[in-house]
1. Taking the criterion of being surrounded by 14 or more Cβ atoms within 10 Å (Cβ to Cβ) and modelled with pLDDT of 80 or more, would at least one residue in segment 20-38 satisfy it?
2. For segment 47-90, how many residues meet the condition of being touching a helix residue (DSSP H, G or I) at 6+ places or on another chain (Cβ under 8 Å), part of a loop (DSSP other than H, G, I, E, B) and farther than 18 Å from residue 113 by Cα?
3. Does segment 93-107 include one or more residues that are outside any strand (DSSP E or B) and either modelled with pLDDT of 95 or more or surrounded by 15 or more Cβ atoms within 10 Å (Cβ to Cβ) (or both)?
4. Give 124, 54, 77, 129 a once-over and let me know the one that is over 22 Å from residue 36 (Cα atoms) and surrounded by 18 or more Cβ atoms within 10 Å (Cβ to Cβ).
């Protein structure tokens, strides 16, 4: 092997190492939460119409527990989890029941907030109004 071929191989090896370092740095730019579940939950009190929610929690049971607690703190008397999920969007819709003056409700879960809202509206018998919608990593609407 000549001195020139050794230099070429060394230069090629150095280029490969540099390319690997660049690729590693670019790979590190991927989202920090990739593969991490972020949970959401909605609790609702049909008797009072109050609701509570949590989003972006790392523990599903904690998300449910906190949502019920928030609902109770707002005056709900029979708060219960009506929807929960991870890494998705959820919505709650309500509508008055024309037969007995109670509140009808429905929920929706989807990959987008708009789709969750549509599902929630359609899940009430009389075309409900969305009162809450959010994504596990997004903002409330």
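The values are calculated or read from the model by the stated rules, or taken from the named source; none is laboratory data. Computed from a predicted model, the values in this text were never measured in an experiment. Cβ coordinates were reconstructed from backbone atoms using ideal geometry, including for glycine residues, and neighbour counts include every protein chain displayed.
1. Start the filter on segment 20-38 by keeping residues that are surrounded by 14 or more Cβ atoms within 10 Å (Cβ to Cβ), which leaves 38.
Next, only the ones that are modelled with pLDDT of 80 or more stay: 38.
Within segment 20-38 (the criterion being surrounded by 14 or more Cβ atoms within 10 Å (Cβ to Cβ) and modelled with pLDDT of 80 or more), the answer is yes, since at least one residue qualifies.
2. Residues that pass the stated criteria total 2.
3. Taking segment 93-107 first, the residues outside any strand (DSSP E or B) are 97-102.
Narrowing further to those that are either modelled with pLDDT of 95 or more or surrounded by 15 or more Cβ atoms within 10 Å (Cβ to Cβ) (or both): none.
Within segment 93-107, not a single residue is outside any strand (DSSP E or B) and either modelled with pLDDT of 95 or more or surrounded by 15 or more Cβ atoms within 10 Å (Cβ to Cβ) (or both).
4. Numbers: 54 fails: over 22 Å from residue 36 (Cα atoms); 77 fails: surrounded by 18 or more Cβ atoms within 10 Å (Cβ to Cβ); 129 fails: surrounded by 18 or more Cβ atoms within 10 Å (Cβ to Cβ).
Testing whether each residue is over 22 Å from residue 36 (Cα atoms) and surrounded by 18 or more Cβ atoms within 10 Å (Cβ to Cβ) leaves just 124.
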